[in-house]
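The values are calculated or read from the model by the stated rules, or taken from the named source; none is laboratory data. Here the structure is a predicted model, which means the values were calculated and not measured. Because the Cβ atoms are built from the backbone with ideal geometry, glycine has one as well, and the counts that use them run over all protein chains shown.
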Amino acid sequence: MKEVPRHPETLPARREFVRWLAASPLVAPLLAKELLSPETLFAFDDPTMATNVMAFEALAKRHLDPDIYSFIAGGSDDEKTLAANRAAFDQVQIRARRLVDVSAVDTSVEVLGESMSTPILIAPVGTQGAMHPEGELGTARAAANRDHTLIASTVSTHSIGEIADAYGRPPWFQLYPTPDLSMTEALLDQAEAAGCRVCALTVDTPVLGNREAQRTFIAKLLGSGQLRLGNFDELGMPAGVDDPALTWDFVDWLRSKTAMKLLIKGVVTHEDATLCVDKGVDGLIVSNHGGRQLESLRSTFEALPEIAEAVDGRIAVLMDGGIVRGTHIFKALASGADAICVGRAWLWGLATFGQPGVEHALDILRAELVRDMQLAGTPNLAAITGDFLG
């Protein structure tokens, strides 16, 4: 990021002034419309000055290499599914209840037998080292410091073992199946050696989506010779992390090769949700790969209710896609998600500030969720039901 000259002794006062402006009833509407935001008031170099996670994105757009920004922000084709993921939340209202004791809000939840202090999980994101030198290790340390469950990507810059060491406990492991089953089995072995208890199999990439905005960056990464995929250090680079021949039979094979609990990531219909139950998997993630695969024009939030109804509590249901506000999390939970996964919301923080940026992005989301639960009249996650949506 560019250096912004300032007098150090005035920085705390400026921060408080920005926060005062953000709370002002006159200025808040302008902030909501992004006509006035902290980064336009001052080119801030302290992550705690961000009043919402979108401020990190605006800052990243100003200071990151355009190709890196496009790699993070982009979707497939005309990026309409990418936009739909966020826009869908605006089509649903929250029906707040009054005179409920919300003095002590409880955000804890149990998912796949694991107790979590928050329903906000860190979604798997690959090649984070290209976005910030700390890469996945900075994200892992931030997740540990803020007590969030972390899902590590197959195509992480650092290996699953290195990430587990930085995290201080076993993360969950996201698996891209390769056409080479022996390589896939070796990836599973690495994850189990790192202590991973959950494997999230991505099933929405039989081929890669048409990510036009990202082609330059991907070519630049490959051409530089500096691309590292830590999980493949000893295996050699894979021919690909997509497999158009993949079928539900692979789930049976995977079950026979690992003792990890199994999530299916990329489910968007009640038919596939029912198959997940029939196959005996432990859970699923409603996901369209952040709008980076099929240009379906259908958001994950729109897909969530039919999937939750089909599952009917028999397996865990998680969701990702377009979540940048506490109200988004609230609406997803009310629509049947047991927990949610966020990717870009904290990734902008990593790209601009490294570990401190991730930490503050997570702090913002948690604070928003707690406040929204209080305002809606829900003292705990179990209280957040479909009755609160209109």
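Looking at Leu375, is it buried (at least 24 other Cβ atoms within 10 Å of the Cβ), of a type outside the set (Ser, Thr, Tyr) and either more than 16 Å from Ala55 (Cα to Cα) or not assigned by TED's automatic domain parsing to the domain that holds Lys265 (or both)? It is false that Leu375 is buried (at least 24 other Cβ atoms within 10 Å of the Cβ), of a type outside the set (Ser, Thr, Tyr) and either more than 16 Å from Ala55 (Cα to Cα) or not assigned by TED's automatic domain parsing to the domain that holds Lys265 (or both). Here Asn231 clears all of (1) in a loop (DSSP other than H, G, I, E, B); (2) touching a residue at least 60 places away in the same chain (Cβ under 8 Å) except the condition numbered (1).
Screening segment 256-274 for residues that are touching a strand residue (DSSP E or B) at 6+ places or on another chain (Cβ under 6 Å) and of a type in the set (A, V, I, L, M, F, W, C) and picking the one that is farthest from Leu188 (Cα to Cα) gives Ala273. Please work out which residue is nearest to Asp78 (Cα to Cα), limiting yourself to segment 250-271 and to residues that are surrounded by fewer than 17 Cβ atoms within 10 Å (Cβ to Cβ) and not hydrophobic (A, V, I, L, M, F, W, C). Per the stated criteria, the residue is Thr269.
Only residues that are touching a strand residue (DSSP E or B) at 6+ places or on another chain (Cβ under 9 Å), in a loop (DSSP other than H, G, I, E, B) and surrounded by 14 or more Cβ atoms within 10 Å (Cβ to Cβ) were counted in segment 86-124, giving 9.
Listed here are the residues, each with its yes/no results for (1) touching a residue at least 40 places away in the same chain (Cβ under 8 Å); (2) out of contact with any Phe, Trp or Tyr (no Cβ under 9 Å at 6 or more places or on another chain); (3) within 26 Å of Thr48 (Cβ to Cβ).
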| residue | (1), (2), (3) |
| --- | --- |
| Arg344 | yes, yes, yes |
| Gly354 | yes, yes, yes |
| Gly357 | yes, no, yes |
| Arg371 | yes, yes, yes |
| Ala382 | no, yes, no |
| Gly386 | yes, yes, no |
| Gly390 | yes, yes, no |
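In this structure, does Thr202 turn out to be polar (S, T, N, Q) and touching a Lys or Arg at 6+ places or on another chain (Cβ under 7 Å)? It is true that Thr202 is polar (S, T, N, Q) and touching a Lys or Arg at 6+ places or on another chain (Cβ under 7 Å). Note on segment 46-68: residues that are outside any helix (DSSP H, G or I) and β-branched (Val, Ile, Thr) total 1. On the stretch given as segment 258-275, residues that are within 22 Å of the chain's Cα centre (by Cα) and closer than 23 Å to Glu192 by Cα total 7. For segment 41-61, the candidate set comprises residues that are surrounded by fewer than 22 Cβ atoms within 10 Å (Cβ to Cβ) and modelled with pLDDT under 90; within that set, the residue that is nearest to Val125 (Cα to Cα) is Asp45. Count of segment 69-85 residues, restricted to those that are outside any loop (DSSP other than H, G, I, E, B), surrounded by fewer than 18 Cβ atoms within 10 Å (Cβ to Cβ) and not small (Gly, Ala, Ser), is 1. Look at Thr247 and say whether it is buried (at least 18 other Cβ atoms within 10 Å of the Cβ) and either touching a Ser or Thr at 6+ places or on another chain (Cβ under 7 Å) or not in a helix (DSSP H, G or I) (or both). So Thr247 does not fit the description; no. His132 meets the conditions (1) surrounded by 17 or more Cβ atoms within 10 Å (Cβ to Cβ); (2) in contact with a strand residue (DSSP E or B) (Cβ under 7 Å, 6 or more places away or on another chain) in every case but one. The failed one is (2). Restricting attention to segment 185-200, does a residue exist that is at pLDDT below 95 and outside any helix (DSSP H, G or I)? Checked segment 185-200: no residue is at pLDDT below 95 and outside any helix (DSSP H, G or I).
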